1. Out of all the residues in the range 116-158, which are within 23 Å of D25 (Cβ to Cβ), basic (K, R) and under 10 Å from the mean Cα position of the chain (by Cα)?
2. Looking at (1) surrounded by 12 or more Cβ atoms within 10 Å (Cβ to Cβ); (2) under 17 Å from R67 (Cα atoms); (3) modelled with pLDDT of 95 or more, can you tell me which one A94 breaks?
3. Can you tell me which residue in the range 39-57 is farthest from Y142 (Cα to Cα), limited to those that are crowded, with 19+ Cβ neighbours inside 10 Å and aliphatic (A, V, I, L, M)?
4. Could you run through the range 54-86 and say how many residues are at pLDDT below 95, assigned to a loop (DSSP other than H, G, I, E, B) and of a type in the set (A, V, I, L, M)?
5. Is there a residue in the range 139-151 that is touching a helix residue (DSSP H, G or I) at 6+ places or on another chain (Cβ under 9 Å), surrounded by 12 or more Cβ atoms within 10 Å (Cβ to Cβ), part of a loop (DSSP other than H, G, I, E, B) and not hydrophobic (A, V, I, L, M, F, W, C)?
6. Tell me, yes or no, whether the range 96-105 has at least one residue that is more than 20 Å from A46 (Cα to Cα) and of a type outside the set (A, V, I, L, M).
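The values are calculated or read from the model by the stated rules, or taken from the named source; none is laboratory data. Since the structure is predicted, the reported quantities are computational estimates derived from the model, not experimental observations. Glycine gets a Cβ as well: all are built from the backbone with ideal geometry, and neighbour counts include every protein chain shown.
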Amino acid sequence: MRILAIAIALAASLAAQKYDGPRPDKPDTPYLQHAAKLVPLDQNEAKEEKRKEGTAYVTPGAAAKARTPLAEPIILFETKTLAPERLSLYRMEAKGGSREVFFFENPKKRKDSSKVLRLSVTKVAAGLYKLEPTEPLPNGEYALSPADSNTVFSFTIY
């Protein structure tokens, strides 16, 4: 009985702990977490371009201003209207002074078609979520994008 009482007390104390880390300045904008500092991801609208073999979503600029050296970045996201579960992570290719994600019409024939990278979503406080890739990411350009939207939040891993 004592062990059960101790386990219940420990569980209650863990549940009562409040998040006391940094909080994003703006809701519905993802931020890279670097210790106690938050860096907002670059927000742009990707331009959809139909091509012979598929569709490209092109974002201006050769590289994102938001940068991290971490292969497994932590992204904090305070939600107001955008659900964090609707965000998808993509690797972008730098081409001709811009970045793009390309989807082939027939992805079974093309292994180069962009794929959604897996994210872990954890609620850390009311309306505040932590997003993390489930595996280390190689250096390069990345973008989070809500489903059914051309809005992209981009960052660079260097």
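1. Correct list: K130 only.
2. (3)
3. A56
4. Looking only at that region, the number is 3.
5. Looking through the range 139-151, at least one residue is touching a helix residue (DSSP H, G or I) at 6+ places or on another chain (Cβ under 9 Å), surrounded by 12 or more Cβ atoms within 10 Å (Cβ to Cβ), part of a loop (DSSP other than H, G, I, E, B) and not hydrophobic (A, V, I, L, M, F, W, C).
6. no
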